[in-house]
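In what follows, a single structure is set out as structure tokens and then discussed.
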Amino acid sequence: DAGVTQSPTHLIKTRGQQVTLRCSPKSGHDTVSWYQQALGQGPQFIFQYYEEEERQRGNFPDRFSGHQFPNYSSELNVNALLLGDSALYLCASSVDRTIVMKKLFFGSGTQLSVL
Amino acid sequence: DAKTTQPTSMDCAEGRAANLPCNHSTISGNEYVYWYRQIHSQGPQYIIHGLKNNETNEMASLIITEDRKSSTLILPHATLRDTAVYYCIVRPDSGGGADGLTFGKGTHLIIQP
């Protein structure tokens with residue numbers, strides 16, 4: 001049973017460019033969350049998708065957007081990249097409306113470097 | 001969400017019990033305590049969670065004080081593979097709906113051979 005898979009594993013972009021990161025949730029999971037982790041910091045919640053809609057959003061600008069597809073996979077898009085967007089981007093999946101819904105399963109992340 | 005306070009780092013000898021403290025003095029009655037860990041170059045991994053009773057699973061035990069203002073994660077027989085950053089998170093369990101977690105900086109646990 002594959003866990004949460006993310007692609008690509010590493011990415012280098014320049015300031016002002018746009019980037020798309022991809023995530024496939026764990027089999028049977030219907031909810032996808034995205035987190036940003038700067039070096040030496042804990043992960044910060046970006047947003048969560050359920051039933052192809054953004055359900056909750058953290059304190060991130062509109063440059064960060066996402067999408068969830070009918071097969072529950074998800075994309076994170078970041079426009080007009082800034083140097084400060086350099087971070088590890090983590091995807092987490094879960095099952096909605098279960099007693100252990102806070103048990104998130106994380107992928108290994110995409111390391112984004114903005115030059 | 002209630003704020004948590006954890007030591008920045010801790011050492012523990014291999015084979016001994018690792019006891020990781022977490023202070024959450026402003027916790028509300030409906031907030032659960034969650035523990036995740038992050039091994040280098042991997043995403044966080046769920047360990048355990050609890051409300052007010054002590055909990056145990058195959059990975060660890062969670063001891064929550066009677067006033068719920070602090071808790072301790074116990075790894076009974078630490079191995080080198082337990083070296084990781086451990087995050088204590090307090091979050092209400094709505095039973096449904098959005099569940100964005102707030103991670104702090106966590107405790108870097110180093111298991112010494």
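For the protein assembly as shown, DSSP calls about 90 percent of its internal beta bridges antiparallel. When the GluC sites (Glu not before Pro) in the stretch A:12-108 are filtered for DSSP coil states and for at most 16 other beta-carbon atoms within 10 Å of their beta-carbon, the remaining sites are A:51, A:52.
Accessible surface calculations at 1.4 Å, restricted to protein heavy atoms, place chain B at 49 Å² per residue. Using θ = phi - 60° in the Karplus curve 6.51 cos²θ - 1.76 cosθ + 1.60, the 3J(HN,Hα) couplings for the stretch A:24-40 round to 10, x, 4, 3, x, 8, 10, 10, 10, 10, 10, 10, 10, 10, 6, 4, x Hz; x is entered for Gly and Pro. Scalar couplings 3J(HN,Hα) for the stretch B:55-65, obtained by applying the Karplus form with A = 6.51, B = -1.76, C = 1.60 to θ = phi - 60°, are 10, 9, 9, 5, 9, 7, 10, 10, 10, 10, 5 Hz; x denotes Gly and Pro.
The mean accessible area for residues of chain A, using a 1.4 Å probe and ignoring ligands and nucleic acids, is 48 Å² per residue.
Counting only protein heavy atoms and a 1.4 Å probe, tell me what percentage of the protein assembly as shown's accessible area is made up of carbon and sulfur. Carbon and sulfur: 50 percent of the exposed surface of the protein assembly as shown. For residue B:108, the residues whose modelled amide H falls within less than 5 Å of its own, excluding neighbours fewer than 5 places apart on the same chain, are B:9, B:10, B:86. Loop-located trypsin sites (Lys or Arg not before Pro) in the stretch B:1-46 (DSSP state not H, G, I, E or B) with no more than 16 neighbouring Cβ atoms inside 10 Å: B:3, B:16. The contact between chain B and chain A removes approximately 1900 Å² from the accessible area (both sides summed; 1.4 Å probe; ligands, DNA and RNA excluded).
Among B:28, B:61, B:71, the largest mean-square fluctuation in a Gaussian network model of chain B (Cα springs under 10 Å) belongs to B:28.
The values are calculated or read from the model by the stated rules, or taken from the named source; none is laboratory data. Because the structure is predicted, anything quoted here is derived from the model rather than measured. No Cβ is skipped: glycine too gets one built from the backbone with ideal geometry, and neighbour counts run over all protein chains shown. All accessible areas refer to the heavy atoms of the entire protein, side chains included, with ligands and DNA or RNA removed. Shrake-Rupley method; radii C 1.70, N 1.55, O 1.52, S 1.80 Å.
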